[in-house]
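Peer 1: Got a structure for you, questions after.
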Amino acid sequence: MTEGLVDLTGGSSIKYNMKDPEVWKLHESGELWQILLKYHNLKCLLGCAHSQVNEAGDQHEVMGTAGILNNHAYGIMDVREIDTL
């Protein structure tokens, strides 16, 4: 996703891997949410993806348990708080 956004815009990108313990700390503290809000308010392009590989090391778009396709890129259109979520 990050390389695609760079190719699309000619700009730069930042990647936050939720499997990285340092990024998970940002999530737990609420700082990651503040970062997302900041970039959204600056009109930055935002996206996300859930990468999964099978036993053979292949990546396929497969429906995950939460209804999100694994190995599929999603554009984030809006970032907002609703009640306490």
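Peer 1: Would a scan of region 74-83 turn up a residue that is exposed (fewer than 11 other Cβ atoms within 10 Å of the Cβ), touching a residue at least 24 places away in the same chain (Cβ under 8 Å), in a loop (DSSP other than H, G, I, E, B) and charged (D, E, K, R)?
Peer 2: Yes: one or more hits.
Peer 1: Additional query: Pick from K25, K15: which is touching a helix residue (DSSP H, G or I) at 6+ places or on another chain (Cβ under 9 Å), part of a helix (DSSP H, G or I) and basic (K, R)?
Peer 2: Answer to the selection: K25.
Peer 1: Looking at this structure, is L37 loosely packed, with under 11 Cβ neighbours inside 10 Å, in contact (Cβ under 8 Å) with a residue 12 or more places away in the chain and either over 23 Å from R80 (Cβ atoms) or not acidic (D, E) (or both)? Don't jump to the end; show me each part of the working.
Peer 2: Details: loosely packed, with under 11 Cβ neighbours inside 10 Å: no; in contact (Cβ under 8 Å) with a residue 12 or more places away in the chain: yes; either over 23 Å from R80 (Cβ atoms) or not acidic (D, E) (or both): yes.
Against the criterion (loosely packed, with under 11 Cβ neighbours inside 10 Å, in contact (Cβ under 8 Å) with a residue 12 or more places away in the chain and either over 23 Å from R80 (Cβ atoms) or not acidic (D, E) (or both)), L37 does not qualify.
Peer 1: Still on this structure, please answer the following. Taking interchain pairs and intrachain pairs at least six residues apart, which have beta carbon atoms under 7 angstrom, with the first residue in region 1-20 and farther than 20 Å from H50 by Cα and the second of a type in the set (S, T, Y) and loosely packed, with under 11 Cβ neighbours inside 10 Å?
Peer 2: Filtered contacts from region 1-20: no entries.
Peer 1: Okay, moving on. Scanning region 40-73 for residues that are assigned to a loop (DSSP other than H, G, I, E, B), of a type in the set (S, T, N, Q) and surrounded by 10 or more Cβ atoms within 10 Å (Cβ to Cβ), which turns out modelled with the highest pLDDT?
Peer 2: Among residues in region 40-73 that are assigned to a loop (DSSP other than H, G, I, E, B), of a type in the set (S, T, N, Q) and surrounded by 10 or more Cβ atoms within 10 Å (Cβ to Cβ), the one modelled with the highest pLDDT is N71.
The values are calculated or read from the model by the stated rules, or taken from the named source; none is laboratory data. Every value quoted in this text rests on a predicted model; they were computed, and no experiment measured them. We place every Cβ from the backbone using ideal geometry, glycine too, and count neighbours over all the protein chains shown.
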